[in-house]
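Colleague: The structure that follows is given in the form of structure tokens.
The values are calculated or read from the model by the stated rules, or taken from the named source; none is laboratory data. If you're wondering where the values come from, they're calculated on a predicted model, not measured in any experiment. So basically every Cβ, Gly included, is an ideal-geometry build from the backbone, and we count neighbours across all protein chains shown. We work out accessible area using only protein heavy atoms, side chains counted, and drop any ligands, DNA or RNA first. Shrake-Rupley method; radii C 1.70, N 1.55, O 1.52, S 1.80 Å.
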Amino acid sequence: MRYEIPENKKLVYECTIPMRWGDMDAMGHVNNTIYFRYLEIARVDWLHQFNAAPGPEGEGPVVVNAFCNFYKQLEYPGDVLVKMYTSDPARTTFETWATMEQAANPGVIYAAGGATTIWVDFPKQKAVDLPAWLRDIVTP
């Protein structure tokens, strides 16, 4: 099943992530599981800007589903440019999307992925309304 990144989205963050030797698999390209790690790094780094990274106290994000479409093989060595987008804020959730390019080959999307993120009160382990500040940020 292929998921498509929607047209109506908002670019909220870009980062460059160095590929590591250990990211490769036996075939000599970045292992498919590592793409999810790159998506996670971008999402958490983005949230750190707002002091909203996941933690056991207070409120924060929880991923309830995730996907990745693979278009081209990322090969070590190099850097991955991740562009993260948001869309579709609801009462307790919003969507995150990302494209991944090899920094040395800008404009060519090697993979695209995303996740549905729910805002949770961690001590209560219960979904809560998105904070107004976050709703403003994620709304296209």
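Colleague: Cβ-Cβ below 9 Å, separation at least six or inter-chain, first residue in segment 92-103 and under 12 Å from GLY78 (Cα atoms) and in contact (Cβ under 8 Å) with a residue 12 or more places away in the chain, second open to solvent by 10 Å² or more (accessible area, probe 1.4 Å) and of a type in the set (Gly, Ala, Ser): which pairs?
Modeller: GLU101/GLY107; GLN102/GLY78; ALA103/GLY78
Colleague: Here's something else I'd like to know. Among the strands (runs of 3 or more DSSP E) lying completely within segment 1-110, list those that include at least 3 residues that are at positive phi.
Modeller: Values: elements: 10-18, 59-70, 79-87, 93-102.
In segment 1-110, there are no strands (runs of 3 or more DSSP E) which contain 3 or more residues that are at positive phi.
Colleague: What is the number of the single condition among (1) under 14 Å from the mean Cα position of the chain (by Cα); (2) open to solvent by 20 Å² or more (accessible area, probe 1.4 Å) that ARG135 does not meet?
Modeller: Going through (1) under 14 Å from the mean Cα position of the chain (by Cα); (2) open to solvent by 20 Å² or more (accessible area, probe 1.4 Å) one by one, ARG135 breaks only (1).
Colleague: So if I check each of TYR110, TYR76, which one is within 27 Å of ASN31 (Cα to Cα), modelled with pLDDT under 95 and hydroxyl-bearing (Ser, Thr, Tyr)?
Modeller: On the way: TYR110 fails: modelled with pLDDT under 95.
Answer to the selection: TYR76.
Colleague: Can you go through ALA26, ALA42 and tell me which one is under 19 Å from TYR85 (Cα atoms) and among the small types (Gly, Ala, Ser)? Break it down into steps so the answer makes sense when it comes.
Modeller: Numbers: ALA26 fails: under 19 Å from TYR85 (Cα atoms).
That would be ALA42, the only listed residue that is under 19 Å from TYR85 (Cα atoms) and among the small types (Gly, Ala, Ser).
Colleague: List every residue pair whose Cβ atoms lie under 8 Å apart, where the two residues are 6 or more positions apart in sequence or sit on different chains, the first residue falls within segment 35-51 and is over 19 Å from MET24 (Cα atoms), and the second residue, located anywhere, is in a helix (DSSP H, G or I).
Modeller: PHE50/TRP133; PHE50/LEU134; PHE50/ILE137
Colleague: Give the residues of segment 108-127 that are open to solvent by 40 Å² or more (accessible area, probe 1.4 Å) and under 18 Å from CYS68 (Cα atoms), sorted by residue number.
Modeller: Result: VAL108, ILE109.
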